[in-house]
Amino acid sequence: MSENSEVVELKNTFRKECRKLLVTLDPITKAFESCGKCVSFIQSRVFCESDIFFGFMPTKNEMDILPVLRNALEQGKKVLVPRVVPGSRDMEFFYIEKDLNKETELGSFGIYEPVKGLVKADLQEISEKYGKKICVLVPGLAFGKDHSRLGHGAGFYDKFLGNLKKMTGGRAVFVGVSYGALVFDSVPHESHDVSMDMLIGDFHAIF
């Protein structure tokens, strides 16, 4: 078995264990943790100095980051959320004008996506205009304290993050979003996997 196939097998095994752990987490504890980490992040320098946020619409098992996105909108910052391109491993991001509830609808994989009619983001234009003032909130199944990331295995974010990193020259800030119970010393990863700059609640990684 090659080293690469060993890592892939390790990833799959780790994913199964993390999914089992995730469903055991207490809903009230998760809600309190989500709220606390969102408040802390909104008060951080990363949030204050970012002008544009690539966010996501959380599923029932993911940390609720909507308070961050709503606060960003209230402050006049730009907020984008993704829509999966059917039949591909690509995502397109669209600008939310002012209301996440009214401007998203249930879409691919049971995840809320932007409604039709919203403005699609031009990644090259955003990279040139905003540079280091771009913040990407990145979902994942598990993360490492070394800022490694284990996704769900579909590859959507791996491709998007890799492209954005190249476009911005690594200036955008990637923030991994997860409950503390799903943060380990490290998670199985390969050389092509994009690491995070920080984890939500882990602000000492930047300043």
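The values are calculated or read from the model by the stated rules, or taken from the named source; none is laboratory data. All figures in this text were calculated on a predicted structure; none of them were measured in a lab. No Cβ is skipped: glycine too gets one built from the backbone with ideal geometry, and neighbour counts run over all protein chains shown. We work out accessible area using only protein heavy atoms, side chains counted, and drop any ligands, DNA or RNA first. Shrake-Rupley method; radii C 1.70, N 1.55, O 1.52, S 1.80 Å.
Probing with 1.4 Å while keeping every protein chain in the model, the per residue accessible area of segment 1-108 equals 57 Å².
Between Asn61 and Asn163, what's the calculated FRET efficiency when r is the beta-carbon distance and R0 is 35 Å? Round to 0.05. Don't skip to the end; give the middle numbers.
Values: r = 26 Å, r/R0 = 0.75.
Efficiency for this residue pair is about 0.85.
Rounded to the nearest whole Hz, the Karplus-based 3J(HN,Hα) values (6.51 cos²θ - 1.76 cosθ + 1.60, θ = phi - 60°) of segment 143-160 follow the sequence 9, x, 5, 7, 6, 6, 10, 10, x, 7, x, 7, x, 4, 6, 4, 5, 4, with x at glycine and proline. Quick one: among Ala72, Ala181, Ala142, which has the greatest mean-square fluctuation in a GNM of the chain with alpha-carbon springs under 10 angstrom? Taking springs between Cα atoms under 10 Å, the residue moving most is Ala181.
Do any trypsin sites (Lys or Arg not before Pro) in segment 158-196 lie in a DSSP loop with no more than 14 other beta carbon atoms within 10 Å, and if so, which? Walk me through the numbers before you get to the answer.
Details: sites: Lys159, Lys165, Lys166, Arg171; in loops: Arg171.
In loop regions of segment 158-196 (DSSP not H, G, I, E or B), the sparsely surrounded trypsin sites (Lys or Arg not before Pro) are Arg171.
Which percent of the accessible area of segment 1-89 is formed by carbon and sulfur heavy atoms (probe 1.4 angstrom)?
Details: 2830 of 5040 Å².
After summing per-atom areas, the C and S share lands at 56 percent.
Pairs from the table (Lys102/Lys166; Lys16/Lys60; Lys78/Lys98; Lys30/Lys145; Lys60/Lys166) lying more than 21 angstrom apart at Cα are Lys102/Lys166; Lys60/Lys166. Along each principal axis, taking the top coordinate minus the bottom one, the Cα set of segment 25-144 gives 39, 34, 31 Å in descending order. For the chain, the share of DSSP beta bridges that are antiparallel, to the nearest 5, is 40%. Treating r as the C-beta distance of Leu10 and Arg89 and R0 as 25 Å, the FRET efficiency rounds to 0.70.
Working note: Karplus 6.51/-1.76/1.60 with θ = phi - 60° gives segment 133-140 the couplings 8, 9, 10, 10, 8, 10, x, x Hz, where Gly and Pro are set to x.
Taking amide H atoms as placed 1.01 Å from N in the peptide plane, list the residues 5 or more away in sequence, or in a different chain, whose amide H sits under 5 Å from that of Ala121. For Ala121, whose amide H was placed from the backbone, the distant partners under 5 Å are Phe93, Phe94, Tyr95.
May I ask you to derive the FRET efficiency for Gln124 and Glu97 from their Cβ-Cβ distance with R0 = 30 Å, giving the value to the nearest 0.05?
On the way: r = 22 Å, r/R0 = 0.73.
Plugging the Cβ-Cβ distance into 1/(1 + (r/R0)^6) gives 0.85.
Annotation: per residue accessible area for segment 109-161 equals 48 Å², rounded to a whole number [probe 1.4 Å, protein chains only].
Near the amide H of Asp90, within less than 5 Å, lie the amide hydrogens of Val85, all on another chain or at least 5 residues away, with H placed in the peptide plane. Here the accessible area is traced with a 1.4 Å probe on the protein chains. For segment 122-184, carbon and sulfur cover 50 percent of it.
Projecting the Cα atoms of Val177, Thr104, Val194 onto the charge dipole of the chain, computed from C-beta unit charges around the Cα centre, puts Thr104 farthest toward the positive end.
Once backbone amide H atoms are built at 1.01 Å from N, Gly107 has Tyr112, Glu113 as its partners under 5 Å, excluding neighbours fewer than 5 places away on the same chain.
With 10 Å bins beginning at zero, the pair-distance distribution over Cα atoms of segment 153-207 amounts to 20, 52, 28, 1 %. Take the Cα of Arg171, go 7 Å toward its beta carbon, and the backbone nitrogen atoms of segment 22-58 under 20 Å from that spot belong to 45-55. Here is the list for segment 85-152: trypsin sites (Lys or Arg not before Pro) lying in DSSP coil, each with at most 11 other C-beta atoms within 10 angstrom of its C-beta, are Lys98, Lys102, Lys116.
Take the Cα of Leu21, step 7 Å toward its Cβ, do the same at Ser195, and the gap between the two points is 2.0 nm.
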